[in-house]
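See below for the structure under consideration.
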Amino acid sequence: MILASRNDHKVRELAEILPDAGLKPLPAGIEMPPETGDTFAANALIKARAAVAATGEEVIADDSGLVIDALDGHPGVRSARYAGEAATDRENLEKVLVDLAAAGGPSPARYVCVIAWIDREGNEMTFEGSCEGTMILERRGEGGFGYDPAFLPVDTGPGDDRTMAELDPGEKHAISHRGRAARSLAAFLAGGR
């Protein structure tokens with residue numbers, strides 16, 4: 001199965017979460033279309049459809065991001081490009097922290113992930129996962145990527161104030177939006193589709 005992504009962080013995470021899926025990276029030279037959808041599902045399907053058309057193989061593609069209540073749902077589907085089209089994770093996080101401070105400080109937030117699956121016959125399914133938490137104004141931790149250093153997940157339990165970037169990979173995958181969406185996909189694949 002081909003994973004329609006060139007994001008090394010996503011490729012590594014999904015390979016860790018789905019070790020039995022036999023994920024292969026998107027072959028070099030395949031041009032992916034712009035993510036023009038207004039939902040995570042729409043963007044995941046744009047990528048998956050393009051990868052199926054280019055390869056003829058079964059594919060999965062994900063689109064994910066951070067939804068912050070105090071920022072009216074932003075960065076949302078623009079999470080990877082929040083500070084600009086070529087923005088780094090660090091630049092995106094910095095912009096969120098500046099905007100969040102201007103909006104009054106920490107805010108309820110959630111990570112959302114939608115994984116689109118398409119087989120060789122063109123059958124399509126989407127699988128969604130989310131992780132609730134709070135976006136804070138400080139960065140902590142060296143793990144994860146993206147907005148993880150300032151995201152406090154709820155699911156680690158009361159009194160645990162570690163950010164996603166302070167969790168070990170196994171802990172993160174157990175509660176993350178991508179982990180939840182991937183486990184739904186795995187259950188679907190194991191069930192014979």
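The values are calculated or read from the model by the stated rules, or taken from the named source; none is laboratory data. Nothing here was measured: the structure is a model prediction, and the numbers come from that model. Note: ideal-geometry Cβ built from the backbone for every residue, glycine included; neighbour counts use all protein chains shown.
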Practice problem: Could you grab the pairs with beta carbons closer than 9 Å, sequence gap of 6+ or different chains, first residue in the range 1-24 and of a type in the set (S, T, N, Q), second one outside any helix (DSSP H, G or I) and surrounded by fewer than 20 Cβ atoms within 10 Å (Cβ to Cβ)? | Solution: 5/25; 5/32; 7/145
Practice problem: Look at residue 86 and say whether it is among the hydrophobic types (A, V, I, L, M, F, W, C) and either within 25 Å of residue 152 (Cα to Cα) or without any contact (Cβ under 8 Å) to a residue 12 or more places away in the chain (or both). | Solution: yes
Quiz item: Only one of 139, 162, 178 is closer than 30 Å to residue 20 by Cα, basic (Lys, Arg) and surrounded by fewer than 21 Cβ atoms within 10 Å (Cβ to Cβ); which?
Solution: 162
Quiz prompt | residue 57 surrounded by fewer than 19 Cβ atoms within 10 Å (Cβ to Cβ) and modelled with pLDDT under 95 | solution = yes
Quiz prompt | Failed item, numbered, when residue 76 is tested on (1) of a type in the set (Gly, Ala, Ser); (2) surrounded by fewer than 22 Cβ atoms within 10 Å (Cβ to Cβ); (3) under 24 Å from residue 123 (Cβ atoms) | solution = (3)
Quiz item: residue 143: in contact with a Pro (Cβ under 9 Å, 6 or more places away or on another chain), at pLDDT 95 or above and within 21 Å of residue 63 (Cα to Cα), yes or no?
Solution: no
